[in-house]
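As structure tokens, the structure follows; a few thoughts come after it.
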Amino acid sequence: MALGFGRWTLGLDGAEAPSRDLIGGKAWSVARMQTLGLTVPPAFVVTTAACKAYLTSGGEPPELEAEVDAAIVWLESKAGRTFGAGPRPLLVSVRSGAPVSMPGMMDTVLNLGINDSTEAALADECGDPAFARNTHRRFLDLYAHIVLRATAPELDEAQGPAAWRAAIAAACGTEIPADAREQLRHAVRAVFESWNSRRARRYRQHHAIPDDLGTAVTVQAMVFGNLDERSGTGVLFSRNPSTGAAEPYGEYLPRAQGEDVVSGKFTPQPLSALGAAMPDAHARLLDAARTLENAGRDVQDIEFTVERGQLYLLQSRSAKLAPHAAVHIAVALAEEGLIDRRSAVLRVSPDQARLLLSPRIAEHALAGARLLASGEPASPGVGVGNIVTDSDEAERRAEAGDAVVLARPTTSPDDLHGMIAAKAVVTEQGGGTSHAAVVGRALGLPCVVGCGKGALDQLAGELVTVDGRAGKVYAGALEIVAPDESHNETLMRLSQWASAESPLRVISAASAESAAAADISNDADAADPEKIGLALERVKGARGVRGGLIASDEGVAAAMKSGLEFIVADPVLPPLLAAVRQAVAKGENA
């Protein structure tokens with residue numbers, strides 16, 4: 001069990017971690033990496049219970065401040081540094097960590113604990129005043145945006161901390177405290193409050209995540225990817241999250257911190273750049289990825305930092321996968337013996353299967369298509385709509401019934417509502433591990449990133465077709481065709497496994513010629529479970545039914561409740577997956 005500092009705060013000391021529900025996914029991953037013998041900066045966690053208490057009462061639990069102070073003393077001893085003072089200052093990251101992965105939806109503050117005196121001490125220690133000054137600027141900028149929640153001014157690198165603080169105070173009406181412990185108290189509170197931010201609420205609503213889970217706060221000793229030429233940061237997926245290929249995929253940004261990669265403001269280098277610059281660190285990273293994938297029995301999304309050639313792992317979690325990759329990887333993991341076939345079936349959602357079997361651009365339509373922009377394919381699929389450049393406008397127009405494509409220089413968590421409303425997302429900056437790419441895959445949204453600065457400037461209002469698999473944006477609405485699952489070996493294998501697990505048979509229309517099936521008409525209320533139930537009442541005595549209505553998740557649930565033997569649907573895989581999930585959720589021996 002982790003080291004306790006009281007009711008609300010735990011030190012991650014390498015012992016078996018408490019439940020993910022209590023300490024959140026981020027702290028749980030830190031604890032797991034520690035038990036696997038991987039190199040992780042020391043950390044402690046303020047639990048989700050403290051967050052719930054804060055959100056209920058509007059204030060921190062009375063004991064929390066003393067517990068955090070005790071945890072900081074422990075962290076100082078583990079890191080061999082002093083929080084808020086020299087000669088070896090301890091700076092920390094303050095990160096959100098919900099029990100359920102919500103990438104990019106809540107807040108993080110890096111480099112906390114720096115002030116004028118600790119900047120000077122840091123400069124003396126590392127022999128690089130420019131690095132210490134850059135780190136100070138980064139902290140002030142993040143603190144102003146995240147904790148003060150204000151539109152802070154751009155901080156001129158040529159100016160110093162006094163000018164930066166004055167500019168922030170003038171813009172925000174509040175000064176940033178110099179005392180490290182006061183900085184930490186306010187940052188913890190800001191992370192708690194980010195649980196109820198607009199973007200976090202929208203993400204939970206879209207993914208049916210309960211609102212009462214709360215977030216933990218992980219406080220971790222900083223390691224610096226921006227320190228020197230043998231330092232950097234990046235993200236590694238143990239397998240390709242877009243294609244499902246069984247090879248590592250990642251990006252690396254030298255002399256940078258993690259926010260630089262996920263923000264999309266910088267286009268990182270391929271992971272091979274780390275291999276060329278620091279082969280030992282690269283080899284250790286690949287070894288760690290294999291260890292974590294085997295331990296987690298799933299594809300891992302790993303955040304890492306290299307400081308002066310030393311690799312540190314910051315987080316590992318199950319990766320958000322594009323639909324094609326989800327199917328490919330689920331089947332591969334089962335065939336490799338990491339998971340069983342039922343687990344493979346449950347790894348792919350009905351919605352992912354529907355997206356995978358959704359239309360794509362017809363080959364003959366591409367022959368005369370006019371290419372408007374090209375970038376990195378970040379999330380496959382095809383989206384057709386008029387380009388808008390503002391997320392609020394995207395949401396308004398989608399609610400009015402318009403099909404829109406969101407085009408941005410780069411996306412941030414504040415763009416989530418626009419992404420949900422859009423048919424596709426295109427960005428000028430960023431790579432395959434940027435916010436747009438990660439969230440696009442999570443939403444099953446076609447996404448093309450890194451089209452180049454200014455590449456989308458003249459496209460507002462244009463009707464376009466976005467091909468997320470190819471990384472292309474074409475003029476006009478191109479002809480699209482629907483793929484056939486029977487022509488895809490991996491989909492066929494997953495369908496066979498799902499059929500063996502499903503209590504409800506699903507047969508294709510082509511195989512249903514002799515089936516004694518009654519028809520259910522499609523209507524505007526096709527997604528209404530009560531209407532589905534009424535429709536089934538009218539066909540009592542039938543062994544099965546057909547129609548688009550019954551192929552929805554709600555229709556599958558109603559068919560199973562009604563005791564039907566089979567349904568007729570095309571494609572077959574999505575309702576099969578829905579039936580297996582329904583059976584497992586009810587504890588049936590499917």
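The values are calculated or read from the model by the stated rules, or taken from the named source; none is laboratory data. Model, not experiment: these values are computed from the prediction. We place every Cβ from the backbone using ideal geometry, glycine too, and count neighbours over all the protein chains shown.
A few notes on this one:
- Single condition Arg185 does not satisfy, out of (1) closer than 24 Å to Ala132 by Cα; (2) of a type in the set (Lys, Arg); (3) surrounded by fewer than 13 Cβ atoms within 10 Å (Cβ to Cβ): (3)
- Residue ID - modelled with the highest pLDDT, chosen from residues in segment 82-106 that are over 22 Å from Tyr143 (Cα atoms) and either among the small types (Gly, Ala, Ser) or crowded, with 19+ Cβ neighbours inside 10 Å (or both): Pro99
- Evaluation of Ala15 against (1) closer than 19 Å to Thr108 by Cβ; (2) of a type in the set (A, V, I, L, M, F, W, C); (3) free of Cβ contacts under 8 Å to residues at least 24 places away in the same chain (one fails), failing number: (1)
- For segment 1-36, filtering for residues that are within 14 Å of Ala98 (Cα to Cα), among the acidic types (Asp, Glu) and outside any helix (DSSP H, G or I) leaves 0.
- Qualifying position, being in contact with a Leu (Cβ under 7 Å, 6 or more places away or on another chain), more than 18 Å from Ala437 (Cβ to Cβ), of a type in the set (D, E, K, R) and in a helix (DSSP H, G or I), among Arg290, Arg284, Arg342: Arg284
- Residues (out of contact with any Ser or Thr (no Cβ under 6 Å at 6 or more places or on another chain) and not basic (Lys, Arg)) located in segment 9-22: Thr9, Leu10, Gly11, Leu12, Asp13, Gly14, Ala15, Glu16, Ala17, Pro18, Ser19, Asp21
- Check on Ala178, in a loop (DSSP other than H, G, I, E, B), of a type in the set (Gly, Ala, Ser) and either buried (at least 20 other Cβ atoms within 10 Å of the Cβ) or in contact (Cβ under 8 Å) with a residue 40 or more places away in the chain (or both): yes
- When Leu285, Leu321, Leu227 are checked against the criterion of being among the hydrophobic types (A, V, I, L, M, F, W, C) and modelled with pLDDT of 95 or more, a single residue qualifies: Leu285.
- Scope segment 268-324; condition touching a residue at least 24 places away in the same chain (Cβ under 8 Å) and of a type in the set (Ser, Thr, Tyr); matching residues: Thr291, Thr305, Tyr312, Ser316, Ser318
- Of Pro87, Pro103, all but one fail to be over 33 Å from the mean Cα position of the chain (by Cα) and over 17 Å from Ala178 (Cβ atoms); the exception is Pro87.
- Restricting segment 107-126 to residues that are over 19 Å from the mean Cα position of the chain (by Cα) and part of a loop (DSSP other than H, G, I, E, B), the residue that is surrounded by the fewest Cβ atoms within 10 Å (Cβ to Cβ): Asn115
- Helices (runs of 4 or more DSSP H) (entirely within segment 360-429) containing at least 1 residues that are modelled with pLDDT under 90 and more than 25 Å from the chain's Cα centre (by Cα): 363-367
- Only a single criterion out of (1) within 30 Å of Ala169 (Cα to Cα); (2) at pLDDT 95 or above; (3) surrounded by fewer than 17 Cβ atoms within 10 Å (Cβ to Cβ) is not satisfied by Thr39, namely (1).
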